1. Out of the residues in the range 8-32 meeting the condition of being crowded, with 22+ Cβ neighbours inside 10 Å and over 22 Å from Ala95 (Cα atoms), tell me which one is nearest to ligand 2 (Cβ to nearest atom).
2. What is the one condition in (1) buried (at least 18 other Cβ atoms within 10 Å of the Cβ); (2) under 21 Å from the mean Cα position of the chain (by Cα); (3) more than 16 Å from ligand 2 (Cβ to nearest atom); (4) charged (D, E, K, R) that Arg295 does not satisfy?
3. For the range 322-343, which residues satisfy the criterion of being surrounded by fewer than 17 Cβ atoms within 10 Å (Cβ to Cβ) and within 26 Å of the chain's Cα centre (by Cα)?
4. Is the range 70-80 home to any residue that is within 13 Å of ligand 1 (Cβ to nearest atom) and farther than 23 Å from Asp127 by Cβ?
5. Can you pull out the residues in the range 40-75 that are surrounded by 20 or more Cβ atoms within 10 Å (Cβ to Cβ) and outside any helix (DSSP H, G or I)?
6. What pairs come up if the first residue lies in the range 206-224 and is in contact (Cβ under 8 Å) with a residue 40 or more places away in the chain and under 16 Å from Ser460 (Cα atoms), the second is small (Gly, Ala, Ser) and near ligand 2 (Cβ under 9 Å from one of its atoms), and their beta carbons are under 9 Å apart, counting only those six or more places apart or on different chains?
7. Return a yes/no flag: does the range 23-36 have any residue that is among the β-branched types (Val, Ile, Thr), near ligand 1 (Cβ under 10 Å from one of its atoms), in contact with a Gly (Cβ under 7 Å, 6 or more places away or on another chain) and touching a residue at least 40 places away in the same chain (Cβ under 8 Å).
8. Consider the range 1-39. How many of its residues are touching a strand residue (DSSP E or B) at 6+ places or on another chain (Cβ under 8 Å) and part of a helix (DSSP H, G or I)?
Amino acid sequence: MVSRVIPVENFDLVIFGGTGDLARRKILPGLFRRFCAGQMPPEARVIGAARADMDSAGYRDFVAEAVREFGGDRACEDGTLAGFLERMHYVPIDARGENGWRELVALIRPDVVHAFYFSVAPGLFGDLAERLNVHGLTNDASRIVVEKPFGRDLEKARALNRDLAAYFDESQIYRIDHYLGKETVQNLMAVRFGNMLFEPLWNSQYVDHIQITVAETVGVGGRGEYYDKSGAMRDMVQNHLMQLLCLIAMEPPSKFDPDAVRDEKLKVIRALDPMDPHHIVRGQYDAGDDGPDYRTAVGDPRSRTESYIAMKVGVSNWRWVGTPFYLRTGKRLKARSSEITVVFKALNHSIFGEQEDHRNVLSIRLQPNEGITLGVTIKEPGPGGMRLIDVPLDMSFADAIGENGDQTDAYERLIMDVIRGNQTLFMRGDEVEAAWAWTDPIIQGWEARGDVPKVYESGSEGPVDAVQLLARDTRVWRKVAP
Ligand code: NDP
Ligand code: BG6
């Protein structure tokens, strides 16, 4: 199956922080892939902006390097990269000063979509919004893309929302959570709302519990300074895991439109039970073959920041009361594996007189090996009576859709949505605030109690206490396997 490419309107995309790590690894290579797919209009332009003194020729060299390293095979094809580079421009600019703004204004064309990507430290978001306004760039054709973290608590998120709202309407603000741009994450909605099969059973009457796992093998790497101030709660749970939980738990929106979807997600966040501290396990990774322990990696021998978290979350609404959601995420774990597992209840009565507990289990693999497995119970083949076994109905997206299926990365998909003006896969201001309102008391509780994370073995499945979190409820985690 060949993916359909729908061209977008002509645009000028300004990447503030256009020389940074995110631009180099994700944004620029992603744009290149869209260019290769034929989605960029012939006149579309990308303007890198940062303080470094460089001209457009120098920026093209920088972009070429980034694309060669992270853009995929097409980078080497004759002419492809050259064509992409022609669209690249650069303006040295200071988000906090006057430097460069006149040049930027002169470069921007009046009759195209204007997208301003804030790929800079969050402390500069407000400054950028203000500068854009001062220089007359906050018109109806403009929209801003705001990177995470969106604040570090409710108060800061509210202040940031206010700063942005001073110059931009909510319909112009695109708060990125790149998990929402992942193909398989969107598939969660397709699976739930595009099939008759699942939705009637999607509630606490039939679902025993749900597990959401986002396991990483990488450590904090070069981002230790940022990470140690955030931890897994702020870095992953408040945004990515919360979004996954929302998509799994939300009511069917009346239609697939930005506000209908975001209204339903917001209701889920507001229905989350306050966390019981006994239902959370925090961990910090130890040294392993792949590198130093967490504290050494972040340069603070007394750090109490968690690189792992597991929690049992309750959603108090008509659909889910009584069905726990178990969430876990961590760095330096056994395998890179993100998966959502819906474990259905056991049968009320077995006509076969079976003593064993047979349950249907639906697993949605987000990455890698994207696909869906449905565990069903069948008769064990052969003579000897009616014995039951559980077997998987396994569907890998790569097999089902083929190698030519959509390989679009989250960032490129989301940037194209910005140009199209489609906010469905972006977080609304009230959603982000609600997520912080739930997270804040948890973090404050740790701080007040001086909570120290448990050390876990690098390359393991996380702290032993996380196993006990489910064992107390006579449940077990799915194995972390790629
Ligand atoms: P980097 O530190 O690598 O890059 C920061 C960029 O901002 C550089 O281009 C820098 O260039 C520019 N910059 C800094 N100060 C100013 C200023 N006063 N005016 C104009 N430009 C400035 O950061 P990242 O690329 O890693 O992160 C960017 C944003 O994306 C952050 O909000 C981060 O939290 C978020 N993010 C990053 C991820 C990642 O994997 N890197 C993942 C998810 C989110 P110069 O110094 O020349 O001005
Ligand atoms: C980012 C976090 O938002 O997501 C990182 O800041 C994390 O710490 C990353 O590694 C995980 O994203 P992905 O797409 O690799 O699962």
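1. By that ranking, first place goes to Gly30.
2. Unmet for Arg295, out of (1) buried (at least 18 other Cβ atoms within 10 Å of the Cβ); (2) under 21 Å from the mean Cα position of the chain (by Cα); (3) more than 16 Å from ligand 2 (Cβ to nearest atom); (4) charged (D, E, K, R): (2).
3. Within the range 322-343, the first condition is being surrounded by fewer than 17 Cβ atoms within 10 Å (Cβ to Cβ), and the residues that meet it are 322, 335-336.
Listed by number, the residues that qualify are Ala335, Arg336.
4. Yes, some residue in the range 70-80 is within 13 Å of ligand 1 (Cβ to nearest atom) and farther than 23 Å from Asp127 by Cβ.
5. If the condition is that a residue be surrounded by 20 or more Cβ atoms within 10 Å (Cβ to Cβ) and outside any helix (DSSP H, G or I), then Met40, Ala44, Val46, Ile47, Gly48, Ala49, Ala50, Gly71 are the ones that fit.
6. Thr213/Ser338; Val214/Ser338; Ala215/Ser338; Glu216/Ser338
7. Taking the range 23-36 as the starting set, the residues that turn out to be among the β-branched types (Val, Ile, Thr) are 27.
Now restrict to residues that are near ligand 1 (Cβ under 10 Å from one of its atoms): 27.
Keeping just the survivors that are in contact with a Gly (Cβ under 7 Å, 6 or more places away or on another chain) gives none.
Checked against the condition, which is being among the β-branched types (Val, Ile, Thr), near ligand 1 (Cβ under 10 Å from one of its atoms), in contact with a Gly (Cβ under 7 Å, 6 or more places away or on another chain) and touching a residue at least 40 places away in the same chain (Cβ under 8 Å), the range 23-36 yields no hits at all.
8. 4
The values are calculated or read from the model by the stated rules, or taken from the named source; none is laboratory data. Not measured: the values here are computed from a predicted model. Glycine gets a Cβ as well: all are built from the backbone with ideal geometry, and neighbour counts include every protein chain shown.
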